[in-house]
Amino acid sequence: MTQSEISKDFAKFAKKTTKGNFDEKRKGERIDRGIPFPVGTTGTAVVSKIVCSTTKPNDDGEKFPMIRVELTAQTPEGARGKTLSGPGLMQVIKDGRNPDKWSAADAFGAALGILEDLGLPKEISTGYEEFDECIAWFEDEERKVQWEVVDASYTTNGRHVNQKGIQAVALVDEGKMESAVGDSSPEEDPDAKYCTYNGVRHKILSEDEGMLELENMNSGRVRKNIDKDDVTME
């Protein structure tokens with residue numbers, strides 16, 4: 001059974017998510033540390049904890065809602081019992097540097113997208129009356145996932161930051177353990193351009209004034225309004 005924590009501050013925020021921009025984002029299309037293994041490691045795990053809290057206050061005293069998921073690895077053998085968390089399993093819900101390109105509502109949609117990848121039914125994420133319903137689904141029974149350590153390095157203000165992330169998806173068929181991703185990956189298009197976003201290879205479907213529409217080459221998920229500065233071109 002998954003353990004969960006919902007702080008009072010997060011609970012106050014969650015009450016706002018059934019209306020306005022947050023409600024629109026949870027019902028709209030998803031815009032697509034604690035990692036002790038090298039990039040490329042794959043295995044299975046259970047969702048062991050979901051923490052809904054707020055960040056530490058910044059210099060202005062502001063705190064922001066955040067959702068963080070912890071997995072407990074089952075395979076491979078050397079990873080059994082290890083806790084996995086970090087980029088790919090967490091989301092801070094706040095405006096980006098340019099809220100027109102990335103708003104707190106976008107970040108909330110991304111957070112729900114993480115939970116959906118882990119198996120949360122869309123009818124719950126888009127139709128809940130209380131956010132607790134999303135967390136309760138994980139507590140109802142053991143939720144198993146496939147995971148992979150990916151390169152989630154990025155560049156900010158001209159500085160390259162080396163970082164690992166976890167890509168995890170709900171485990172549907174336990175007999176297929178060769179990969180941490182499904183078999184529905186889109187085919188390679190020799191005429192298309194490709195890039196890396198959040199440590200995962202994406203196909204560029206379109207570009208408009210520096211904003212990209214991307215297709216995840218692992219899951220097939222389409223993400224819109226991704227700033228070209230946030231991707232690494234091939």
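The values are calculated or read from the model by the stated rules, or taken from the named source; none is laboratory data. What you are looking at is a predicted structure, and each value in this text was computed from that prediction instead of being measured. Ideal geometry is used to build each Cβ from the backbone, glycine not excepted, and the neighbour counts take in all protein chains shown.
Could you look through the stretch 1-37, keep only residues that are hydroxyl-bearing (Ser, Thr, Tyr) and outside any helix (DSSP H, G or I), and pick out the one that is modelled with the highest pLDDT? It comes out as SER7.
Could we say that THR72 is touching a Ser or Thr at 6+ places or on another chain (Cβ under 6 Å), surrounded by fewer than 17 Cβ atoms within 10 Å (Cβ to Cβ) and assigned to a strand (DSSP E or B) here? If you could, list the steps in order and put the result at the bottom.
On the way: touching a Ser or Thr at 6+ places or on another chain (Cβ under 6 Å): yes; surrounded by fewer than 17 Cβ atoms within 10 Å (Cβ to Cβ): yes; assigned to a strand (DSSP E or B): yes.
Yes.
Scanning the stretch 85-107 for residues that are closer than 23 Å to ASP151 by Cα and assigned to a helix (DSSP H, G or I), we see that the one that is farthest from the chain's Cα centre (by Cα) is ASP106. Kindly indicate the residue of the stretch 100-158 that is among the β-branched types (Val, Ile, Thr) and in contact with a Phe, Trp or Tyr (Cβ under 7 Å, 6 or more places away or on another chain) and also surrounded by the most Cβ atoms within 10 Å (Cβ to Cβ) among those meeting that condition. In this case the residue turns out to be VAL149.
Examine the stretch 52-68 for a residue that is within 13 Å of ILE35 (Cα to Cα) and out of contact with any Pro (no Cβ under 9 Å at 6 or more places or on another chain), and state whether such a residue exists.
Of all residues in the stretch 52-68, those within 13 Å of ILE35 (Cα to Cα) come to none.
No - not one qualifying residue is present in the stretch 52-68.
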